[in-house]
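I have placed the structure first, in the form of structure tokens, so that the comments after it can refer back to it.
A short reminder: the numbers here are calculations on the coordinates, not readings from a lab. Bear in mind the structure is a predicted one, so any value in this text is a computation, not a measurement. Note that each Cβ is placed from the backbone with ideal geometry, even for glycine, and that neighbours are counted across all protein chains shown.
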Amino acid sequence: MTEKYQNKYRILSGRLSNWDYSSSGEYFITACTAARKHYFGEVVNDEMQLSPIGEKARECWLDIPNHFQFVSLDAFTVMPNHAHGIIIIDKPPGYRTGVDHSTVVETGHALSLQSETETSFQCLRFRNQGKNTISAMVGSFKSAVTKWCNENNLPFAWQVRFHDHIIRDRDEFYRIRNYIIHNPANWKDDDLFTH
């Protein structure tokens, strides 16, 4: 859906206007390539065979928790023209967004975020680290993959937006997890399937 702003058309956000996308919860994310082009590889015998861009997308996805507080990942898959994954934000009870937590003393019984020099993968394009939102996470992931492709002179482009779904309960969580895990085997029946 589009509307005009300052006499120009713009696409309305697909995010819920009454939801804080930095709040604790489980989020199902889908990010597609532009024109659904197969940049990430191909499904062969019901298994995904990643291209170099697909490998980098996988690395950068797995690196997300190194750049955002209170974030962990669950099921994830890179398909020929999209990536699916579950991002979990789990803030401690009483944690308030917008409060300066830089003066908090660590107790030594929890791991700190890794510095950029300690990261396992070279996906250092992450931005908006202070804004622990789903949009910041996915935007940073997409930006890191694009930057790597540009640096390596590989043609690549993302679809401008991404799809998110707030997971409401355990049954839905396990249904989505199962869908992600079995996506390569069910590729030809997928809504995003292209030749």
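Most tightly packed first, judged by the mean number of other beta-carbon atoms within 10 Å of their residues, the peptides 171-177, 86-92 read 86-92, 171-177.
A simple packing score, the average count of other Cβ atoms within 10 Å per residue, orders the peptides 182-194, 134-146 as 134-146, 182-194, with the highest score first. Evaluating 6.51 cos²θ - 1.76 cosθ + 1.60 at θ = phi - 60° for every residue in segment 74-81, the Karplus couplings come out as 10, 3, 8, 8, 9, 9, x, 10 Hz, glycine and proline recorded as x. For the peptides 51-59, 37-45, residues were scored by their other Cβ atoms within 10 Å and the scores averaged per peptide; the highest-first order is 51-59, 37-45. Pairs over the 20 Å Cα-Cα cut-off, from the set Lys91/Lys131; Lys37/Lys142; Lys37/Lys131: Lys37/Lys131. Converting phi to 3J(HN,Hα) with the Karplus coefficients 6.51, -1.76 and 1.60 and the offset θ = phi - 60°, segment 22-33 yields 10, 7, 4, x, 10, 10, 8, 10, 10, 10, 9, 7 Hz in sequence order, with x at every glycine or proline.
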